[in-house]
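The values are calculated or read from the model by the stated rules, or taken from the named source; none is laboratory data. The shown structure was predicted, so the numbers you read here are calculated from the model rather than taken from an experiment. Cβ coordinates were reconstructed from backbone atoms using ideal geometry, including for glycine residues, and neighbour counts include every protein chain displayed.
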Amino acid sequence: MPAPDRMLTTLRRATEFAARTPGRVGHLVHLRECAEVLVAGDLHGHIANFQVVLKAADLATHPQRHLVLQEVIHSEFKYPNGGDKSHQLVDLFAALKCQFPTRVHLLPGNHELSQMTNRIIGKGDATQNEGFVAGVRTAYGDAWQDIYAAYLTLFRTLPVALRTPNAVFLSHTMIPARHLPNFSLVQLQQETFTDADYSPGGVVYGITWGRDTSQETADTFLRKVDSELIVTGHIPTDIGYEVPNTKQLIVDCSATPAAYVLFPADRPITHAELVSGVVAF
């Protein structure tokens, strides 16, 4: 485990890099100098799957390839005292962001949103929110509160969506149909979100919690965000990915089998070509 002071510095630098990502407008990033994109769906603390994805990305030898990770916290991986180890994946992302500040991105999901807004996720006496805090306390001892505060600041700073040069939209999920009439891309371009944005009915809540994958919703949402295709996570799959409609691809790295997608971003692509870039493992 990194020394607390070193980790705190890394987290703060990663947060600064996230805020200054080239092409960022508010909480939306238009990816620049981008020929390829590798997207890994929900990781939920699965370090072994992260290692597979990182090796496949091979960022050092592909200078115009971007890596997009989704939803890294809350997992089944525990310390002996029951604390959740998934904070380790936040640490790994932060270190990677510092190494490749313009080409590594993390899209927060409903679990990051719930942790930073203290909206409880879990059943029974133990919640995933409490488990995450317990894991940070176990790992960082007396410094845990500073580290935890840095995690929450990072989560609030992360972009909620990315758009590739060839109009592929990347987000945790899509705004549900019932909220689309009042949704516009401008809402994602806000520098600061309000409590209402993070609450049910709000834009951040909708783009991290929505489960509407109908064809009509995909078509309408993509028109609203000026994009042709969308890659999301959020919904668990049996084989690591799912194709719910003719515009969307869901990728899932939370268990085994898992899957990521690697696709070109410097030319137009079809939905079939996007899906052909899926690699299951």
**Report entry** Of all residues making up segment 96-113, the number that are crowded, with 24+ Cβ neighbours inside 10 Å and among the β-branched types (Val, Ile, Thr)
**Finding:** 1
Query raised in the report: Among the candidates ILE147, ILE120, which residue alone is part of a loop (DSSP other than H, G, I, E, B) and closer than 25 Å to VAL204 by Cβ?
Result: ILE120
Query raised in the report: Does GLY210 satisfy the condition of being within 15 Å of PHE183 (Cα to Cα) and under 16 Å from the mean Cα position of the chain (by Cα)?
Result: yes
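Residue-wise test of (1) farther than 24 Å from PHE77 by Cβ; (2) of a type in the set (Lys, Arg); (3) crowded, with 21+ Cβ neighbours inside 10 Å.
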| residue | (1), (2), (3) |
| --- | --- |
| THR220 | yes, no, no |
| LYS224 | yes, yes, no |
| SER227 | yes, no, no |
| ASP238 | no, no, no |
| TYR241 | no, no, yes |
| ASP252 | no, no, yes |
| PRO264 | yes, no, no |
| ARG267 | yes, yes, no |
| ALA280 | no, no, no |
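Is one or more of the residues making up segment 262-281 of a type in the set (Ser, Thr, Tyr) and in contact (Cβ under 8 Å) with a residue 12 or more places away in the chain?
We begin by selecting, within segment 262-281, every residue of a type in the set (Ser, Thr, Tyr); these are 270, 276.
After this cut, where a residue has to be in contact (Cβ under 8 Å) with a residue 12 or more places away in the chain as well, the list is none.
Within segment 262-281, none of the residues are of a type in the set (Ser, Thr, Tyr) and in contact (Cβ under 8 Å) with a residue 12 or more places away in the chain.
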Query - The listed residue being under 20 Å from ALA149 (Cα atoms) and in contact with a strand residue (DSSP E or B) (Cβ under 8 Å, 6 or more places away or on another chain), out of VAL72, VAL53 - result: VAL72
Query raised in the report: Residue check: is ARG119 at pLDDT below 95, in contact with a helix residue (DSSP H, G or I) (Cβ under 8 Å, 6 or more places away or on another chain) and surrounded by fewer than 20 Cβ atoms within 10 Å (Cβ to Cβ)?
Result: yes
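Given the criteria in a loop (DSSP other than H, G, I, E, B), in contact with a Leu (Cβ under 7 Å, 6 or more places away or on another chain) and either at negative phi or at pLDDT below 95 (or both), does VAL68 qualify?
On the way: in a loop (DSSP other than H, G, I, E, B): no; in contact with a Leu (Cβ under 7 Å, 6 or more places away or on another chain): yes; either at negative phi or at pLDDT below 95 (or both): yes.
Judged against the criteria, VAL68 is not a match.
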Report summary line: In the set THR192, THR138, the lone residue that is buried (at least 16 other Cβ atoms within 10 Å of the Cβ), among the β-branched types (Val, Ile, Thr) and out of contact with any Ser or Thr (no Cβ under 7 Å at 6 or more places or on another chain) is THR138
Query raised in the report: So, in segment 204-218, of the ones that are in contact (Cβ under 8 Å) with a residue 40 or more places away in the chain and closer than 27 Å to THR21 by Cβ, which residue ends up surrounded by the fewest Cβ atoms within 10 Å (Cβ to Cβ)?
Result: TRP209
Query raised in the report: Which of the residues spanning segment 1-50 are part of a loop (DSSP other than H, G, I, E, B), surrounded by 15 or more Cβ atoms within 10 Å (Cβ to Cβ) and at pLDDT below 95?
Result: PRO2
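Does GLY82 satisfy the criteria of being over 21 Å from GLN99 (Cβ atoms), more than 17 Å from the chain's Cα centre (by Cα), outside any helix (DSSP H, G or I) and touching a residue at least 40 places away in the same chain (Cβ under 8 Å)? Break it down into steps so the answer makes sense when it comes.
Numbers: over 21 Å from GLN99 (Cβ atoms): yes; more than 17 Å from the chain's Cα centre (by Cα): yes; outside any helix (DSSP H, G or I): yes; touching a residue at least 40 places away in the same chain (Cβ under 8 Å): yes.
Judged against the criteria, GLY82 is a match.
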Report task. Can you confirm whether segment 107-125 contains a residue that is free of Cβ contacts under 8 Å to residues at least 12 places away in the same chain, on the phi < 0 side of the Ramachandran plot and among the β-branched types (Val, Ile, Thr)? Result -> yes
Query raised in the report: Going by the conditions given, is TYR79 surrounded by fewer than 19 Cβ atoms within 10 Å (Cβ to Cβ), at negative phi and not polar (S, T, N, Q)?
Result: yes
